[in-house]
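Each remark here refers to the structure printed beneath this line.
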Number of protein chains: 2
Amino acid sequence: MSEQHFFNLHDETQGIARRLAEGMTTRIFPGNNAMISVVRIAPNAAGTVHSHPQEQWGVLLEGDGVRSQDGAEHAVTAGDFWHTPGGVARGFRAGPAGALVLDVFSPPREEYRKGGSGFEG
Amino acid sequence: MSEQHFFNLHDETQGIARRLAEGMTTRIFPGNNAMISVVRIAPNAAGTVHSHPQEQWGVLLEGDGVRSQDGAEHAVTAGDFWHTPGGVARGFRAGPAGALVLDVFSPPREEYRKGGSGFEG
């Protein structure tokens, strides 16, 4: 990340680009202890339900959708945020307006420090 | 945090309340590896410049202001976010519209797991 410390959620030139799924892209900003992921989700797009050992916080910045977590579905709208313990099955499906989600991974997902595609690295 | 995992940025009844400074209050949501702090800052209110060893990310969700970091001042508006390494002097002063800031501390600030006042615990 060199010496840059100031960013903007809407600047698509910043961060490490990753395509998570059809209609779901992210930009990754690695830290030492926590990693930021700014996820843009097209209307009605969905990611596969998956799991990883890192703790996660998610904040729905724009739009709405359904957060799947630990086998339950939670309807969420802009301003909602959630805590996902490591190892819990999780997924997200955007509503008709699409969604912008800020995710925090702690510790960082090491496989996301480089560009790529998918949820696995 | 018991078993609750879903929250809202604007629900003032959630989280552990802390008064950081005159016109600056926060609600704390502790995790195991990362802690969320939702900071509401009144128009033109400012916190003292301080430091702590935990890494921090900050996201300006609403309003504008000036982020002081490592001796430099950065004008920020809604959508800007920043990375603050541990040990760096930091502060925030809201503009005339006030501000809503999402902070992430990793590791968590243990002194913030209970209510209180000030930046120190």
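The values are calculated or read from the model by the stated rules, or taken from the named source; none is laboratory data. Computed from a prediction, not measured in an experiment: that's the story for all the values here. Methodologically, a virtual Cβ is constructed for each residue, glycine included, from the backbone with ideal geometry; neighbour enumeration extends over all protein chains shown. Just the protein is used for accessible areas: all its heavy atoms, side chains included, with ligands, DNA and RNA removed. Shrake-Rupley method; radii C 1.70, N 1.55, O 1.52, S 1.80 Å.
Just a few scattered comments:
- Solvent-accessible surface ranking, highest first, for A:61, B:60 at 1.4 angstrom: A:61, B:60
- Under the combined filter of DSSP loop state and at most 12 neighbouring Cβ atoms within 10 Å, region A:29-121 retains these GluC sites (Glu not before Pro): A:120.
- For chain B, the residue among B:47, B:88, B:71 whose Cα projects farthest onto the positive side of the dipole built from Cβ charges is B:47.
- Residue A:6-residue A:66 FRET efficiency (beta carbon distance; Förster radius 41 Å; 0.05 resolution): 0.80
- Region B:39-96 - charge dipole about Cα centre, Lys and Arg +1 at Cβ, Asp and Glu -1, debye rounded to 20: 160 debye
- Taking the DSSP beta bridges with both ends in region B:11-121, the antiparallel portion is around 95 percent.
- Ordered by solvent-accessible area of protein heavy atoms (1.4 Å probe), largest first, the residues B:103, B:64 come out as B:64, B:103.
- Theoretical gain in end-to-end length, residue A:114 to residue A:22 [0.36 nm per residue, Cα-Cα removed]: 31.2 nm
- Antiparallel content of DSSP bridges confined to the protein assembly as shown, in %, to 5: 95 percent
- Three-way shape label, region A:52-121, alpha-carbon gyration tensor, a/c 1.5: prolate
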